[in-house]
1. Based on what the data block shows, is GLU113 acidic (Asp, Glu) and within 18 Å of GLU37 (Cα to Cα)?
2. Please verify whether LYS67 is without any contact (Cβ under 8 Å) to a residue 12 or more places away in the chain and either within 18 Å of the chain's Cα centre (by Cα) or in a helix (DSSP H, G or I) (or both), treating the condition exactly as stated.
3. Scan region 66-115 for residues that are over 14 Å from VAL49 (Cα atoms) and β-branched (Val, Ile, Thr) and report the count.
4. Out of region 74-96, which residues are aliphatic (A, V, I, L, M), loosely packed, with under 14 Cβ neighbours inside 10 Å and under 17 Å from GLU113 (Cβ atoms)?
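Throughout, read-outs are computed from the coordinates displayed, never taken from laboratory work. Worth saying up front: this structure is predicted, and the values here are computed from it rather than measured. Because the Cβ atoms are built from the backbone with ideal geometry, glycine has one as well, and the counts that use them run over all protein chains shown.
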Amino acid sequence: MEPVLISSLITSSILVTGWFVNNYFNRKHDIFLKSLEHKHEMLKSYIPVAESLLIADQNGFEDNLRKSQILFLMYGTNEDIETINKIVELAQKNNIDELQKSSTLFLQKIRNELREDLKIKKLSNKSLERNI
């Protein structure tokens, strides 16, 4: 074989391999971005629930809570699912004091996760407690 042909084969092999490797990593990155998008949608779904509790507004509270629960059941961790189910249970029992405490803790967790994902410095939990 001639050196030019060998050189062309090696170059082509390297080029094709690089193309497949690049495609693999791009696909992996796209999947990561989509999962992050779903996670943020899930976390932000709880904000209207917390707002309703904060201003003691029952309009839409149950619907928002159900929508949020569905998203947490689909995309949440075991801890998230347990927490949202506990909040739903407290809401059904009309245990407002415990509901507000659990909601505050859950909102702190959500806030910290969002800030971590967005690479924003964490705030102390005291800053949220003062506002609620």
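1. So GLU113 fits the description; yes.
2. Details: without any contact (Cβ under 8 Å) to a residue 12 or more places away in the chain: no; either within 18 Å of the chain's Cα centre (by Cα) or in a helix (DSSP H, G or I) (or both): yes.
For LYS67, the condition - without any contact (Cβ under 8 Å) to a residue 12 or more places away in the chain and either within 18 Å of the chain's Cα centre (by Cα) or in a helix (DSSP H, G or I) (or both) - is not met.
3. Selection size over region 66-115: 2.
4. As a first pass, look at region 74-96 and keep what is aliphatic (A, V, I, L, M): 74, 81, 84, 87-88, 90-91, 96.
Then drop every residue that is not loosely packed, with under 14 Cβ neighbours inside 10 Å, which leaves 74, 96.
Of everything in region 74-96, just one residue is aliphatic (A, V, I, L, M), loosely packed, with under 14 Cβ neighbours inside 10 Å and under 17 Å from GLU113 (Cβ atoms), namely MET74.
Table: residues versus (1) of a type in the set (Gly, Ala, Ser); (2) loosely packed, with under 10 Cβ neighbours inside 10 Å; (3) in contact with a helix residue (DSSP H, G or I) (Cβ under 6 Å, 6 or more places away or on another chain).
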residue: GLU2; (1), (2), (3): no, yes, no
residue: SER7; (1), (2), (3): yes, no, no
residue: ARG27; (1), (2), (3): no, no, no
residue: PHE32; (1), (2), (3): no, no, no
residue: GLU37; (1), (2), (3): no, no, no
residue: HIS40; (1), (2), (3): no, no, no
residue: LEU43; (1), (2), (3): no, no, yes
